[in-house]
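Read the structure below first, then the notes.
The values are calculated or read from the model by the stated rules, or taken from the named source; none is laboratory data. Everything quoted here is computed from the prediction, not taken from an experiment. Cβ coordinates were reconstructed from backbone atoms using ideal geometry, including for glycine residues, and neighbour counts include every protein chain displayed.
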Amino acid sequence: MPVTVQQILELPVLSEAQILAGKSGLGRRVTSVTVGEVPDIADWLSGGELVLSTLFAFQGDVEKQRDFCRRVMLADAAALFVKTTRFVQQIPDDVLALAEKRNFPIVEVPKTLRWTRLMEAATELIIDRQASLLSESQAIHHTLLEVVISGGDWNDLARELARLVGRPVLLLDSYLEILALSPGAGVSREELATKLNRPEARALFEELGRTRKVCAVRESILPRMFVQPVIASHERRGYVCVLTEQEVLNANQIMTLEHGATIAALEAAQDRARFETEVRLRGDFVDAVTSGDVPVGDSLLRRGVFLGLDLSQGAAVILGGVDEAEGLVVRRNFDLDTLEERIDRLFVLASRRVREQESSSLVSLKSRRLVIFVAGATGRDVESQRKLVVSLRNIAEHETRLSVSFGISNFAPHPEQMSAAYQQALVALKVGRKLAGPGAIMHFHEAGSYRLLLDIWERDPGQILALYEETIAPLDRYDEKNGTRLTETLIVFFRNNENLNLTAAELYAHRHTVRYRLEKIAELTGLSVYQTEHKERLSLGLKARTLVTE
């Protein structure tokens with residue numbers, strides 16, 4: 001605990017001192033002692049000083065006495081000790097009233113007291129207390145550091161902090177994910193997570209994160225707490241929170257929170273190192289499996305099991321492409337560091353979500369893309385895969401504000417087929433994006449002939465452009481010039497399995513009108529929907545149109 005004005009007054013040298021005002025402020029902290037006999041002493045104060053004065057410079061000038069006392073108060077000094085019977089008779093009543101209102105102690109000492117005696121006694125007390133605080137600080141730091149050195153986790157750190165501060169402790173990461181909650185909090189982890197996920201709570205912690213000091217949280221949306229941001233390399237890494245109904249924390253509790261934040265930063269750095277190692281190991285494994293250059297033997301399978309993936313019974317591959325990373329979505333105020341941070345966050349959340357559904361699966365990062373090997377029942381069931389992917393896309397959108405497109409492979413029953421499954425997922429991702437844009441989800445079996453056209457498009461786009469010009473381009477130009485709907489009619493006709501009645505109903509047109517349009521299509525393209533080979537070319541032409549037009 002720091003030295004207070006009350007403790008200074010208990011010194012034997014001040015046995016005859018009298019409190020003139022501000023008795024309720026005797027708990028104010030004293031950091032040093034200074035003599036203030038110059039008019040501008042307040043300009044040199046930094047807060048916490050015990051100011052000693054005879055008011056010699058202001059004798060006979062009550063207004064200057066008022067100004068001096070007010071400025072000392074406003075400078076956040078701890079107290080003002082004065083000799084009022086040597087050069088001034090008394091402190092003005094309005095100054096005493098202001099001191100009383102501000103809980104600022106003004107103390108009268110005997111005129112025979114030498115300032116040097118008071119300064120010596122008070123300074124000795126302050127230094128002794130500072131030495132004691134330093135010893136306590138070192139002990140707290142050593143205790144908390146031992147938790148990390150001995151291999152303790154976030155829960156161990158929270159329990160030790162709670163023991164030291166005497167109140168429940170909550171540890172959060174920079175995204176307000178709960179890392180640990182000590183026993184006795186009076187609120188469940190799930191309830192806390194719900195409260196922390198509210199926009200108001202996120203905005204509040206965003207504001208708190210801009211400071212390095214302990215702040216009180218009194219908003220009704222959250223339990224009452226004090227929060228110490230965890231800062232490392234000028235970046236916010238999380239928060240150390242003590243849950244308490246106290247109006248203020250004592251100095252020991254504040255010191256413990258500050259040390260807790262330092263140790264939390266160290267633990268966060270270790271987490272980061274573990275994260276980067278895990279990403280690298282998973283990435284190396286994925287490269288080995290998907291390259292096709294390394295035989296998928298027992299050694300590689302054992303590496304997979306070590307990482308939590310069992311490929312022995314087969315798996316499907318899901319590829320998640322971050323649209324912002326590939327220039328498909330552009331966001332303002334979204335720099336590369338922010339993108340990397342959010343992709344890392346997405347990796348963590350996606351890993352958690354996939355493991356919840358299939359514990360023997362694996363999520364990795366490869367060129368800023370999620371690579372997911374889904375084993376078990378989900379790997380074999382297309383509908384389960386789609387539900388999983390939709391949930392991952394929602395997580396990306398709501399938790400990281402990223403747009404992610406997904407491609408899903410067929411199930412590969414043998415480990416040797418994982419390379420081919422990866423290529424299937426990649427094709428599905430590309431085709432899905434081409435057809436539906438950012439945020440697309442496509443299974444490989446849905447790509448159909450698009451996958452062949454896409455392959456040609458990426459190698460020789462001129463061939464696809466030529467196919468489009470020979471088939472559908474004349475219809476598009478005719479529609480644009482005449483305001484007709486020939487291309488739309490062809491699309492609907494094929495979608496309805498060449499049924500005139502269904503096509504007419506969908507287009508709100510007479511069946512004879514549809515027949516006339518189909519004849520016009522044959523006239524413009526030289527291709528009839530009633531001839532098999534011509535139908536195939538028109539169908540491919542429509543797919544080529546999707547690839548070449550945005």
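Among the residues of segment 3-16, write down those that are outside any helix (DSSP H, G or I) and surrounded by 18 or more Cβ atoms within 10 Å (Cβ to Cβ).
Correct list: 3, 4.
Output yes when any residue across segment 350-373 is outside the structural domain of residue 197 (by TED's automatic domain parsing), at positive phi and touching a strand residue (DSSP E or B) at 6+ places or on another chain (Cβ under 6 Å), and no when none is.
Yes, some residue in segment 350-373 is outside the structural domain of residue 197 (by TED's automatic domain parsing), at positive phi and touching a strand residue (DSSP E or B) at 6+ places or on another chain (Cβ under 6 Å).
Looking at this structure, is residue 199 within 20 Å of the chain's Cα centre (by Cα), at pLDDT below 90 and not β-branched (Val, Ile, Thr)?
Taking the combined requirement at face value, the residue satisfies it.
Among the candidates 389, 431, 374, 363, single out the residue that is within 29 Å of residue 310 (Cβ to Cβ), free of Cβ contacts under 8 Å to residues at least 60 places away in the same chain and buried (at least 16 other Cβ atoms within 10 Å of the Cβ).
Result: 374 is the single residue among 389, 431, 374, 363 that is within 29 Å of residue 310 (Cβ to Cβ), free of Cβ contacts under 8 Å to residues at least 60 places away in the same chain and buried (at least 16 other Cβ atoms within 10 Å of the Cβ).
Among 184, 209, which is the only one that is free of Cβ contacts under 8 Å to residues at least 40 places away in the same chain and in contact with a strand residue (DSSP E or B) (Cβ under 8 Å, 6 or more places away or on another chain)?
209
Within segment 206-254, work out how many residues are within 19 Å of the chain's Cα centre (by Cα) and not polar (S, T, N, Q).
20
Please specify each residue of segment 517-532 satisfying the condition of being surrounded by 18 or more Cβ atoms within 10 Å (Cβ to Cβ), in a helix (DSSP H, G or I) and either without any contact (Cβ under 8 Å) to a residue 24 or more places away in the chain or among the aliphatic types (A, V, I, L, M) (or both).
Those that are surrounded by 18 or more Cβ atoms within 10 Å (Cβ to Cβ), in a helix (DSSP H, G or I) and either without any contact (Cβ under 8 Å) to a residue 24 or more places away in the chain or among the aliphatic types (A, V, I, L, M) (or both): 518, 521.
Taking only segment 64-79 into account, find how many residues are free of Cβ contacts under 8 Å to residues at least 40 places away in the same chain and either surrounded by fewer than 19 Cβ atoms within 10 Å (Cβ to Cβ) or not in a helix (DSSP H, G or I) (or both).
9
Mind checking whether some residue in segment 469-476 is out of contact with any Pro (no Cβ under 8 Å at 6 or more places or on another chain), loosely packed, with under 15 Cβ neighbours inside 10 Å, on the phi < 0 side of the Ramachandran plot and of a type in the set (A, V, I, L, M, F, W, C)?
No: zero hits.
Results for (1) surrounded by 19 or more Cβ atoms within 10 Å (Cβ to Cβ); (2) in a helix (DSSP H, G or I); (3) modelled with pLDDT of 90 or more, shown as yes or no for each residue.
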{"residue": "85", "(1), (2), (3)": "no, no, no"}
{"residue": "91", "(1), (2), (3)": "yes, no, no"}
{"residue": "95", "(1), (2), (3)": "yes, yes, no"}
{"residue": "111", "(1), (2), (3)": "no, no, no"}
{"residue": "135", "(1), (2), (3)": "no, yes, no"}
{"residue": "164", "(1), (2), (3)": "yes, yes, yes"}
{"residue": "179", "(1), (2), (3)": "yes, no, yes"}
